[in-house]
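Chemist: Let me begin by handing over the structure; questions about it come next.
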Amino acid sequence: MKPGARIAAAIEVLDAILVKHQPASTALSDWGKAHRFAGSGDRSAIGNLVYDALRHKSSIAHRFSSDMPRALALGAATTALGLAPDAIAEVCDGSKHAPEPLTQNERDALDGKTPKATSDDIAADIPTWLLPAFRKVFAGRPIAEGKAMAERAPIDLRVNTIRATREQVLAELSHTGAVAGTWAPNAIRIPAPKETARAPNVEAEGAHGRGWFEIQDEGSQIAAAFAQAKPSERILDLCAGAGGKTLALAASMQNIGEIVAYDADKARLRPIFERITRAGTSIVNVLRAGDEATLANYGPSFHCVLVDAPCSGSGTWRRKPDAKWRLKADSLGQRTSSQMRVLDTAARHVRPGGRLVYITCSILPEENTGQIDAFLKRHQDFQIVPWRDAWMAALPTPPPERSADGRDDTLLLTPASHGTDGFFIASLRRA
């Protein structure tokens, strides 16, 4: 496909997302099924263009004085397709499969002649209603943090030490540009692709089929490490989902002990079974989804309860930029209520002297520090462990200089401050 056709395709997909309210992944999949002539390179380039347009939706809309799909696709084409303004004007000629010629306003926007953003929410590419939360969390740095969350994300892998070493996996994936991670001892990073380049399909690699690694953001690996899971312990992964952190815990325990994996949602839990088999772990007991009675029978018997709570997912906007614009205040309120309930459930299963680790992939204070402050008032037999102390007990690497929100009790990881997705981690201990 020619560049003009790729831009036209992106406009069509963005219309399905923004006007017809389809999830981005669904809209791209549907477009591919309806246009089977498009090769994998074309589909990848169109996907990059669509996601970049969504990542920078607010700032592009400001430049073009429009948030319509055409404006967003044109605004993202310079970086996503590597096209200069003259090249974009040339390929948008109104011919078959190409967009109509540029208007003068569109050309001015591409040439940088339109007014620059004057408000922090536009410069940060975040929804206006979330700006107070960004200012509260990232004092003095809301724009830098927002901009970093609007960039493409790398592919992070966690080496499964039950089956391989980091050196083995790095050698196996050397053709992808893989390098060792920064913070987590078993992390590997493949840099984000530039312009029309395609991200490697690491799940097609033989090493993945052999269970040598799993796809897992380095921030998620750090969060799992905060459980300080040791051989022969009993650990509860209360919101196990597809099992990414469950498998990380099993590797930390050297496949010795017991992990109980529970999730209320059977669809989220379903992939865990194949992943357990591939990883070669034998210590995970997966409870039937929603089986609260069996879970209750365990009582306060766990050395550690890990709570990867359902949340807004605001920390993953680099990977799911359409979610940034779908998030609403009322849905955030529903999430915080479920987080409160799951924390109270977790507390009932921590043995005296045991650990509770609360995690979200969110940067919003209502889901993070607000939940922990309220939990400590309800459960005064728990105390918070300062994040630097927890880090040094859990990880062999030196801790970062600061949490992204400047706090000393809990840890907030972000793309701008740590190069990871956004993750909040609170480590607590029961008296």
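The values are calculated or read from the model by the stated rules, or taken from the named source; none is laboratory data. Here the structure is a predicted model, which is why all the values come from computation and not from measurement. Don't worry about glycine lacking a Cβ; one is built from the backbone with ideal geometry, like all the others, and counts go over all protein chains shown. Heads up: the accessible areas ignore ligands, DNA and RNA and are worked out on the full protein's heavy atoms, side chains in. Shrake-Rupley method; radii C 1.70, N 1.55, O 1.52, S 1.80 Å.
Okay, residues lined up against (1) in contact with a Pro (Cβ under 9 Å, 6 or more places away or on another chain); (2) in contact (Cβ under 8 Å) with a residue 12 or more places away in the chain; (3) open to solvent by 20 Å² or more (accessible area, probe 1.4 Å); (4) at negative phi:
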position	(1), (2), (3), (4)
229	no, yes, no, yes
232	no, yes, yes, no
256	yes, yes, yes, yes
287	no, yes, no, yes
295	no, yes, no, yes
299	no, yes, no, no
303	no, yes, yes, yes
308	no, yes, yes, yes
316	no, yes, yes, yes
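Chemist: Taking the stretch 358-394 only, how many residues are under 17 Å from residue 418 (Cβ atoms) and either polar (S, T, N, Q) or part of a strand (DSSP E or B) (or both)?
Modeler: Qualifying residue count for the region: 4.
Chemist: Just need a number here: residues in the stretch 247-291 that are assigned to a strand (DSSP E or B) and either of a type in the set (A, V, I, L, M) or touching a helix residue (DSSP H, G or I) at 6+ places or on another chain (Cβ under 7 Å) (or both).
Modeler: The total comes to 5.
Chemist: Still on this structure, I have one more. Looking only at the stretch 194-234, which residues are farther than 12 Å from residue 249 by Cβ, part of a loop (DSSP other than H, G, I, E, B) and among the hydrophobic types (A, V, I, L, M, F, W, C)?
Modeler: If the condition is that a residue be farther than 12 Å from residue 249 by Cβ, part of a loop (DSSP other than H, G, I, E, B) and among the hydrophobic types (A, V, I, L, M, F, W, C), then 197, 199, 212 are the ones that fit.
Chemist: Given the residues 355, 341, which is the only one that is modelled with pLDDT of 95 or more, surrounded by fewer than 17 Cβ atoms within 10 Å (Cβ to Cβ) and either part of a helix (DSSP H, G or I) or in contact with a strand residue (DSSP E or B) (Cβ under 9 Å, 6 or more places away or on another chain) (or both)?
Modeler: 341
Chemist: Does the stretch 135-180 hold any residues that are more than 30 Å from residue 251 (Cβ to Cβ) and in contact (Cβ under 8 Å) with a residue 40 or more places away in the chain, and which are they?
Modeler: Across the stretch 135-180, the qualifying residues are 136, 137, 138, 139, 141, 144, 145, 147, 150.
Chemist: Of all residues in the stretch 147-165, which are surrounded by fewer than 21 Cβ atoms within 10 Å (Cβ to Cβ), over 27 Å from residue 47 (Cβ atoms) and not hydroxyl-bearing (Ser, Thr, Tyr)?
Modeler: Correct list: 162, 163, 164.
Residues are listed down the side, and each one gets a yes or a no for (1) farther than 23 Å from residue 47 by Cβ; (2) surrounded by 13 or more Cβ atoms within 10 Å (Cβ to Cβ); (3) touching a Ser or Thr at 6+ places or on another chain (Cβ under 7 Å):
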| residue | (1), (2), (3) |
| --- | --- |
| 76 | no, yes, no |
| 82 | no, yes, yes |
| 91 | no, yes, no |
| 96 | no, no, no |
| 107 | yes, yes, no |
| 112 | yes, no, no |
| 117 | yes, yes, yes |
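Chemist: Further question: Of all residues in the stretch 395-409, which are buried (at least 20 other Cβ atoms within 10 Å of the Cβ) and either assigned to a helix (DSSP H, G or I) or out of contact with any helix residue (DSSP H, G or I) (no Cβ under 6 Å at 6 or more places or on another chain) (or both)?
Modeler: 403
Chemist: Could you say whether any residue in the stretch 31-47 is part of a helix (DSSP H, G or I), at pLDDT 95 or above and of a type in the set (Ser, Thr, Tyr)?
Modeler: For the stretch 31-47, residues part of a helix (DSSP H, G or I), at pLDDT 95 or above and of a type in the set (Ser, Thr, Tyr): absent.
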